[in-house]
Amino acid sequence: MPLVEQFQPGSCLAVAIVGGSGSGKSWLADRLAGALRSSAVRLSLDDFYRDRSHLSTEHRNRLNFDHPRAIDWTAFEKTFRGLLAGRTGRTPCYDFATHSRLPNQRLLKPGPVILADGLWLLGRRSLKRLFGLRVFIDCSSRTRLRRRLARDRIARGRTDASVRKQFRTTVEPMHQKYVAPQKQHAHLVVPEKFGMRELHLLKATIKALRARRPVQPPVRRRNPQKPFRRGH
């Protein structure tokens, strides 16, 4: 069944943007939200890491934050399903430097398009089926490590040595086990060197899905013989 046939005019379209840490998920989701303006609401899986404020610093530093169990899936799914149903939602504000939630929350108003980004959005069957468009960013480990080093030094006060150690011991092994396999469930696979051209084409794809128009694939396809093949 063509992807566009899933939607009724006026229904909410949920878009999943998935890829490894440092692949560019947030950049793409933020730029798409800006391009779609008021029609899009941003939802990030990163906001739903479990609160670890009750643990000692030493204990927190030993946790594996690159495993899907690090996420409060119950809270995420409640917020996500509420937005799909047209209800206002609230998201926690997470502090990566301390691995704890901040006291304030962010209010999200529902919209015609939900742009959700995260490491494992396509790994759970209960969530995967709710996304009308599933995008996977295919990015090399070298590029992802380079971006992690640049980000974590500034935003999270990390040393190069600690970032490299975490990437080697948990980030990349968990990527291969839990993130990379989600590529098979994506409608579209975006190469790591994507830019404004891909952004504009993805925007056009989202608008076409909303209007139930035939969709032309905007980015590199997994199977050239099937221009808009659905995932399993």
Residue within segment 79-89 that is modelled with pLDDT of 95 or more, under 24 Å from Leu145 (Cα atoms) and either among the basic types (Lys, Arg) or in contact with a strand residue (DSSP E or B) (Cβ under 7 Å, 6 or more places away or on another chain) (or both) present: no
Matching residues, segment 151-167, being touching a Leu at 6+ places or on another chain (Cβ under 9 Å) and not aromatic (Phe, Trp, Tyr): Arg158, Asp160, Val163, Arg164
Candidates Leu28, Leu133, filtered to the one that is closer than 20 Å to Ala155 by Cβ, surrounded by 15 or more Cβ atoms within 10 Å (Cβ to Cβ) and touching a residue at least 24 places away in the same chain (Cβ under 8 Å): Leu28
Some residue of segment 113-126 being without any contact (Cβ under 8 Å) to a residue 40 or more places away in the chain, farther than 23 Å from Gln184 by Cβ and not aromatic (Phe, Trp, Tyr): no
Matching residues in segment 94-123 - criterion: being closer than 22 Å to His67 by Cβ and either of a type in the set (A, V, I, L, M, F, W, C) or surrounded by fewer than 16 Cβ atoms within 10 Å (Cβ to Cβ) (or both): Asp95, Phe96, Ala97, Thr98, Ala116, Leu119, Trp120, Leu121, Leu122
Failed item, numbered, when Val18 is tested on (1) of a type in the set (Val, Ile, Thr); (2) more than 17 Å from the chain's Cα centre (by Cα); (3) under 25 Å from His200 (Cβ atoms): (2)
Hey, Val163 of a type in the set (Val, Ile, Thr) and under 22 Å from Asp30 (Cβ atoms) or not: no
Residue in segment 15-25 that is buried (at least 18 other Cβ atoms within 10 Å of the Cβ), touching a Leu at 6+ places or on another chain (Cβ under 7 Å) and over 20 Å from Arg134 (Cα atoms) present: no
Failed condition for Asp160, given (1) surrounded by fewer than 16 Cβ atoms within 10 Å (Cβ to Cβ); (2) touching a residue at least 12 places away in the same chain (Cβ under 8 Å); (3) within 26 Å of His99 (Cα to Cα): (2)
Cross-chain or 6+ apart pairs with Cβ under 7 Å, segment 49-61 first and surrounded by 15 or more Cβ atoms within 10 Å (Cβ to Cβ), then of a type in the set (Asp, Glu) and in a loop (DSSP other than H, G, I, E, B): Arg50/Asp72
Within segment 19-136, helices (runs of 4 or more DSSP H) holding 2 or more residues that are polar (S, T, N, Q): 57-62, 73-84
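The values are calculated or read from the model by the stated rules, or taken from the named source; none is laboratory data. Keep in mind it's a predicted model, so treat the numbers as computed, not measured. Every residue, glycine as well, gets a Cβ built from its backbone with ideal geometry; the counts of neighbours run over all protein chains shown.
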